[in-house]
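Novice: Quick one: this structure, given as structure tokens, is what I'll be asking you about.
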Amino acid sequence: MRFFILIVLVVFLGMNYAFAAGDAEKPPQMDWSFSGPFGTYDRGALQRGFQVYKQVCSACHGMDLKSYRNLTDLGFSEDEVKAIAAEYTVIDGPNDEGEMFERPARPSDRFKNPYPNEEAAKYANNGALPPDMSLITKARKDGANYTYGILVGYEEAPAEKELMAGQYYNKYMAGNVIAMAPPLSDGIIGYEDGTDETVEQYAKDVTQFLVWAAEPELEERKQMGIKVILFLLVFSGIMYAVKKKIWADVKH
Amino acid sequence: MGSADRKPFDNPAIEWVDSRLPIFTMINKEYGVFPTPRNFNYFWNFGAIAMVILVLMLLTGITLAMNYVPHADYAFNSVERIMRDVNFGWLIRYMHMNGAHFFFVAVYIHIFRGMYYGSYKSPRELLWILGVVILLLMMATAFMGYVLPWGQMSFWGATVITNLFSAIPLVGDSIVTWLWGGFSVDNPTLNRFFALHFLLPFVIFAVVVLHVWALHVTGSNNPLGIDTKGPQDTLPFHPYYTMKDTFGILAFLIVYAAFVFFMPNALGHADNYIPADPLVTPAHIVPEWYFLPFYAILRAITFDIGIPFTDIVFIEAKLGGVIAMFGSIALLFALPFLDKHPVRSARFRPWFRIAMLLMVVNFFLLMVCGAKPAEGVWVILSQIGTLYYYAFFLVLIPFFNKKEPVKELPPSIHEAVLKGA
Ligand code: HEM
């Protein structure tokens, strides 16, 4: 019986592996600080990643599920968050006179979306809709590696591949065609902490920021997980001993 | 449930209740001294494990429902609000989401146990049938629950599966419109799915009560598949099996917790984190893994059934697939009446044993097929798998009824145990 279960498992996993071929190239497998059961975010990378998002990606991609107040997670103080929010102007209202009015954003406001609606977003991007970034790393398979891959995966299109205006060749995108111009290039963002100003570094940082955006609970979840698993291990160990003792004098 | 032969309790409070409603007497009878075969292996843990997960699903489900908004415009974001802003909302949601996966893990192992050791045979036919009813209810519940977050897979999965009913001749399209409450999967569909998803787990709970009631009438089967013949063959449920079940449940929960806390989305599909969009069809619409074998059977019927070499078609391919899929569950209902072989346990049925183990391999094969696009070699493999699935019930089992030799069985459980069988 046991032997048989083993065989079934091996065959099943084998089949899954052998046939797990995808359409686009498999994204690069990066070594992230947040992977693994003890993983945590790197606050420096998160802050730099936010800078990349703010200065580059936010021109096209909204993050509707995030509020400015969430930025305290990245290690910003409340005052810093207030200052960041105040850089944006949002529409509020109606006021007592029934008029909508503009005011500086507050920490409780959602990230300001670059476009008033989806149609405007498409119109500004050759008909392609830049997806919301709040969940992007969960909304793609192998999300963190994939997002990093997209950002560094631009290449000269092979001769036989015809690209239309506004299309670019990206080896990690399904079908290899993406409607986003390469958003990053070396040196476009000035880091204050002396970190390399390369496309790879920007891509790594902004990806980590996006993973945080999608899974803000990740650190709490993993730390709780360690405790829960330890508890269950000890408890089941005790129960195993209890069971053994109770059954010691019965043949079964 | 009578109280005539009640023994008084020492504790006056317990005695006060018990003499009016003999609930403590019942608990003691059914879970305290209940005579249970002494030779269970760990496969007998999975009923209790399924029970624990059912309770877990009810508790997390009710808490989720307190924060969920069943409206096409708000459902997706209300789930994200639970994940981000509700205290421990992520924990509740991930427990519920992975709980569904592990519920099926437990129940599929539980069903395998029932088949392998012949627990479905007389006198446990009704117990088995109630089990299959639970399985059907679980499938319906899981399907509708998956629609609630209103992601891309929710929407398109619901569209594909409800569309199956359009294969029914004449009234199919009307039935689909009726199910949808409109002309496509939309807000009314989401509303009714939420209502039903809230209701069905309680129905499952009720059927589980019947299931366990029936079990306590016949008593449990055991790995040898022979009847218990007296007190030497059994042990009181408590403490022997209460403690063994507790250990089994905890061991199972370790694996479950590893998923909940460290890879909560590993068993799901990334596309469901994209909000539902009726205008964008995902490249591959794939159901959750626990439906894949049945999905593969559905898609295996790629041909019309009619009179060969003519244009006469009785059953179109689509309808054929739907019939094959529902038929595969119907066969589980029929199993106790198809298998007439006098021996229960596969331990003493070498032919059935091989067929049964191949059935497990076949289940995994169909699972892989269901996940792949329906083209090329995958169609052929699905067809082979479907053929074997049906042949197991309709050809092999009737054949074994007549031809499989009846081996000599151990005289009793305790004699077999003492010999170390
Ligand atoms: C909500 C899901 C279910 C729960 C909570 C549940 C619960 C239980 C429990 C507590 C037992 C006794 C312990 C054991 O033998 O493992 C049991 C026995 C049994 N169950 Fe289930 N069950 C479920 C689903 C099913 C399904 C889907 C089937 C079959 C299609 C099934 C078939 C059986 C059979 C045949 C037995 C008697 C086993 C024997 O004595 O060998 N159950 N169930």
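Novice: In whole Hz and in residue order, list the ³J(HN,Hα) couplings for region B:314-320 that follow from phi through the Karplus curve 6.51 cos²θ - 1.76 cosθ + 1.60, θ = phi - 60°; x for Gly and Pro.
Specialist: Karplus-based 3J(HN,Hα) across region B:314-320 equals 8, 10, 6, 3, 4, 5, x Hz.
Novice: Another question, then. Quick query: amide H of A:V90 versus all other amide H atoms, modeled in the peptide plane; which residues come in under 5 Å with a sequence gap of 5 or more or a different chain?
Specialist: Under 5 Å from the amide H of A:V90: A:R103, A:A105.
Novice: Averaging the inverse of every distinct alpha carbon separation and then flipping it gives the Kirkwood radius. What is it for the protein assembly as shown, in angstrom units?
Specialist: 28.8
Novice: Using a basic spin-label model with each label point 7 Å from the Cα along Cα→Cβ, how many nm lie between A:A59 and B:L126?
Specialist: Each label point is offset 7 Å from its Cα along the Cβ direction, giving 7.4 nm.
Novice: Spin-label point model (7 Å from Cα, Cβ direction): what's the A:Y191 to B:V280 distance in nm?
Specialist: For A:Y191 paired with B:V280, the spin-label model returns 3.1 nm.
Novice: Using a 10 Å cut-off on Cβ to Cβ distances, tally the other chain neighbours for every residue of B:263-272 and report the average as a whole number.
Specialist: So the per-residue partner count for this stretch is 3.
Novice: Still on this structure, I have one more. Beta carbons within 10 angstrom, averaged per residue: use that to sort the peptides B:313-321, B:366-374, A:199-207, highest first.
Specialist: A:199-207, B:366-374, B:313-321
Novice: Could you provide, to the nearest whole Å², the per residue accessible area of region A:32-96 with probe 1.4 Å?
Specialist: So region A:32-96 comes to 47 Å² accessible per residue, rounded to a whole number.
Novice: Moving on. Could you compute how much accessible surface B:W213 exposes when probed at 1.4 Å, giving the result in Å² to the nearest 10?
Specialist: Accessible area, nearest 10 Å²: 150 Å².
Novice: Can you give me the angle between helix A:143-152 and the longest principal axis of chain A, using Cα atoms only, in degrees from 0 to 90, rounded to the nearest 10?
Specialist: Taking Cα atoms only, the helix is inclined about 40 degrees.
Novice: Could you work out [θ]222 nm for chain A from helices alone, using -39500 (n - 2.57) per DSSP H run of at least four and dividing by all its residues? Round to the nearest 500 deg cm²/dmol.
Specialist: -13000 deg cm²/dmol
Novice: While we're on this one: Excluding same-chain residues fewer than 8 positions from B:K121, which lysines have a Cα within less than 30 Å of its Cα?
Specialist: A:K251, B:K29, B:K229, B:K244, B:K340, B:K402, B:K403, B:K407, B:K419
Novice: Rounded to the nearest 0.05, what FRET efficiency do B:M26 and B:T302 give with R0 = 51 Å and r taken as the Cβ-Cβ distance? Could you check?
Specialist: The value I calculate is 0.40.
Novice: A follow-up question, please. Rounded to the nearest 0.05, what FRET efficiency do B:N11 and B:L59 give with R0 = 30 Å and r taken as the Cβ-Cβ distance? Could you check?
Specialist: Plugging the Cβ-Cβ distance into 1/(1 + (r/R0)^6) gives 0.55.
Novice: Averaged across the residues of B:237-246, what count of C-beta atoms belonging to other chains lies within 10 Å of each residue's C-beta?
Specialist: Mean shielding by partner chains, rounded to a whole number: 4.
Novice: What ³J(HN,Hα) values, in whole Hz, does the Karplus curve 6.51 cos²θ - 1.76 cosθ + 1.60 give for region B:71-82 when θ = phi - 60°, with x put for Gly and Pro?
Specialist: With coefficients 6.51, -1.76 and 1.60, one gets 9, 3, 7, 10, 4, 4, 5, 5, 5, 5, 5, 4 Hz.
The values are calculated or read from the model by the stated rules, or taken from the named source; none is laboratory data. Predicted, not measured: the structure shown is a model, and the values here were computed from it. Every residue, glycine as well, gets a Cβ built from its backbone with ideal geometry; the counts of neighbours run over all protein chains shown. Calculation scope for accessible area: heavy atoms of the full protein, side chains included, ligands and nucleic acids excluded. Shrake-Rupley method; radii C 1.70, N 1.55, O 1.52, S 1.80 Å.
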